[in-house]
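Everything on this sheet refers to the single structure shown next.
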Amino acid sequence: MNPLSLREVTNGLGREFCAPVAPDVAAWFHRFFLGKTLLLECLGVMAARNAEGLALARVLIMSTALLLAETRHFERLGIFVFFLLRTTDVVLSFPYTINHAFFECALLLALLLSDRESEVPQPARVAQVGILLVFFQAGVQKLAHGHYVNGEFLALRVLFDEGDMGRRLRWMLEGTAQLGGLAPLPPLPLPRPSFIAGAEVSLPAWTWSVLRGLSNGVWIAEMGLPVLALHKASRAWAAIGLLFLESFILVLSGETSFGFTTVACLLSFFPELARWTYPAALLALTGVVVLLGR
Amino acid sequence: MRRIRALVPWTILALLVLWPPVHILLARHYHFSTWRYGGFGMYAAPDGGEREVYVFIQDCSARNATEVAPTTTKAPPGFIYRVRAGRADLMALPELSSDEQRALSSLTRDIRSLSRPSDFEQLGRWIDARGAAKGESPPVIAVLVSTPRLDTVKGAAYADVFGFLRERGRWSSVGEASGTSALDVLTARLSACP
């Protein structure tokens with residue numbers, strides 16, 4: 001690619017980024033994003049045996065804010081309430097704040113300050129580029145910290161994790177062993193050894209290969225698919241790939257809140273389908289949340 | 001207002017581009033968990049909950065080395081190994097009250113996940129306060145933090161370890177080491193009893 005065409009490409013991307021998003025997408029993104037925040041709050045209250053008054057008050061405030069955000073005159077007020085509540089969560093949980101809470105705050109801020117009459121990128125555009133950056137950076141982190149190339153992060157989960165992620169990975173491996181007629185897994189999880197003193201661990205040879213392949217597949221997809229999304233011709237396929245990747249991560253890790261946010265952002269790549277995909281995704285993800293017991 | 005509105009999207013995207021690489025460097029240098037501080041490093045490495053904290057207190061009257069974990073690993077000469085705080089467990093000292101256990105649990109949680117200098121200082125103050133109640137002077141303290149690792153080729157568990165030492169009221173790094181001999185490498189740097 002010569003320098004001139006590179007400039008053309010980057011100029012093209014810039015123009016595209018500032019171009020307005022279809023109003024349908026913007027409205028659905030906004031509705032889905034606020035709706036999922038309220039939904040997860042409601043499910044949290046329902047799951048808690050003794051819901052506190054404060055939690056119930058939050059649900060009430062969010063419900064009112066969601067209704068306000070649907071009106072023309074009080075839209076910003078409704079979004080502002082969501083922004084305020086999410087920011088409060090971030091501040092109160094800091095430094096143990098979950099990563100995507102920062103991203104959600106940023107998206108709410110973009111929604112709050114959006115100006116539809118100017119050429120400033122709209123929230124849906126920020127969501128599109130933002131989610132590609134989030135995936136790419138997550139891949140860079142996995143590569144940089146060195147726990148993925150040899151598959152050790154997932155292997156640690158398989159061997160010692162008593163939680164959901166370890167259980168689901170073992171279930172997946174056991175299924176693979178049965179289907180492929182491979183050596184079965186030993187009884188797992190093992191009691192955690194003293195890592196500081198060292199210990200031997202054993203798994204069937206094929207398991208290490210699968211875990212290495214899976215680990216490398218995750219960071220390669222996280223970094224590669226956003227790059228493919230930069231080009232118009234491969235963008236839709238990259239977004240579909242990221243939706244599949246996110247579904248896999250969601251089921252494996254149970255990170256439902258991040259799953260909703262990611263799906264909200266990725267669906268905005270399919271403007272003509274927005275009125276169908278957003279409600280369907282909301283229903284499907286609610287089902288997943290209930291099934292996973294999150 | 002319009003100018004601020006125009007800047008917000010670009011600022012958000014600039015932060016998403018710039019902060020994670022900076023976060024990687026900071027996490028490596030300051031040893032905090034990759035899951036913290038919004039760098040999108042969740043699941044990139046074990047979280048603080050999977051790290052373990054080993055606290056050694058110098059006691060020059062101690063004749064026998066204490067066992068660090070259910071292994072053959074021993075505390076460094078002249079030091080007594082006092083507490084190991086792992087995931088949710090806390091092998092607390094038997095004489096600790098439940099309030100003290102909670103305080104220690106919270107302190108070691110911060111050390112495991114965040115490893116800020118203030119967390120080590122707080123732990124030092126906590127140990128001093130307990131010693132002062134028994135009329136003891138502030139001891140030399142070494143705190144080692146280990147991150148679980150796995151060699152998937154050899155099928156071997158090992159640890160990355162870093163540590164800090166408090167001598168004469170000042171905390172200093174004892175460096176970092178990796179492998180099954182990491183504890184020995186780091187404890188060799190601790191000052192011996194006179």
Residue check for A:ALA280: in contact (Cβ under 8 Å) with a residue 60 or more places away in the chain and assigned to a helix (DSSP H, G or I): no
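For (1) of a type in the set (A, V, I, L, M); (2) surrounded by fewer than 17 Cβ atoms within 10 Å (Cβ to Cβ); (3) within 15 Å of B:ALA45 (Cα to Cα); (4) in contact with a Leu (Cβ under 7 Å, 6 or more places away or on another chain), each residue gets a yes or a no:
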residue: A:GLY151; (1), (2), (3), (4): no, no, yes, yes
residue: A:TRP171; (1), (2), (3), (4): no, yes, no, no
residue: A:TRP208; (1), (2), (3), (4): no, no, no, no
residue: A:GLY213; (1), (2), (3), (4): no, yes, no, no
Failed item in (1) under 28 Å from B:LEU26 (Cα atoms); (2) crowded, with 18+ Cβ neighbours inside 10 Å, with B:ASP151 passing the rest: (2)
Residues satisfying the stated conditions in segment A:72-93, i.e. under 14 Å from A:ARG31 (Cα atoms), charged (D, E, K, R) and touching a Ser or Thr at 6+ places or on another chain (Cβ under 8 Å): none
Those residues of segment B:1-60 which are among the aromatic types (Phe, Trp, Tyr) and without any contact (Cβ under 8 Å) to a residue 24 or more places away in the chain, in sequence order: B:TRP10, B:TRP19, B:TYR37, B:PHE40, B:TYR43
Matching residues, segment B:137-170, being hydrophobic (A, V, I, L, M, F, W, C), touching a residue at least 12 places away in the same chain (Cβ under 8 Å) and assigned to a loop (DSSP other than H, G, I, E, B): B:VAL140
Matching entry among A:VAL210, A:VAL289, A:VAL218, A:VAL251 (being over 30 Å from B:LEU183 (Cβ atoms), within 14 Å of the chain's Cα centre (by Cα) and modelled with pLDDT of 95 or more): A:VAL218
Subset of segment A:81-140 that is touching a residue at least 24 places away in the same chain (Cβ under 8 Å) and of a type in the set (D, E, K, R) - its residue that is nearest to A:ILE240 (Cα to Cα): A:ARG125
Check on B:ASP128, assigned to a helix (DSSP H, G or I), within 11 Å of chain A (Cβ to nearest Cβ), without any contact (Cβ under 8 Å) to a residue 40 or more places away in the chain and closer than 18 Å to B:PHE79 by Cβ: no
Condition check for A:ALA155: part of a helix (DSSP H, G or I), within 7 Å of chain B (Cβ to nearest Cβ) and in contact with a strand residue (DSSP E or B) (Cβ under 8 Å, 6 or more places away or on another chain): yes
Among (1) facing chain A (nearest Cβ under 8 Å); (2) surrounded by 23 or more Cβ atoms within 10 Å (Cβ to Cβ); (3) modelled with pLDDT of 95 or more; (4) not in a helix (DSSP H, G or I) - the single one B:ALA27 does not satisfy: (4)
Unique residue being among the aliphatic types (A, V, I, L, M), in a helix (DSSP H, G or I), on the phi < 0 side of the Ramachandran plot and in contact with a Lys or Arg (Cβ under 7 Å, 6 or more places away or on another chain) when the list is A:LEU185, A:LEU169, A:LEU179: A:LEU169
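The values are calculated or read from the model by the stated rules, or taken from the named source; none is laboratory data. In this text, all values refer to a predicted model and were calculated from it rather than measured experimentally. Heads up, the Cβs are rebuilt from the backbone with ideal geometry, glycines too, and the neighbour counts pull from every protein chain shown.
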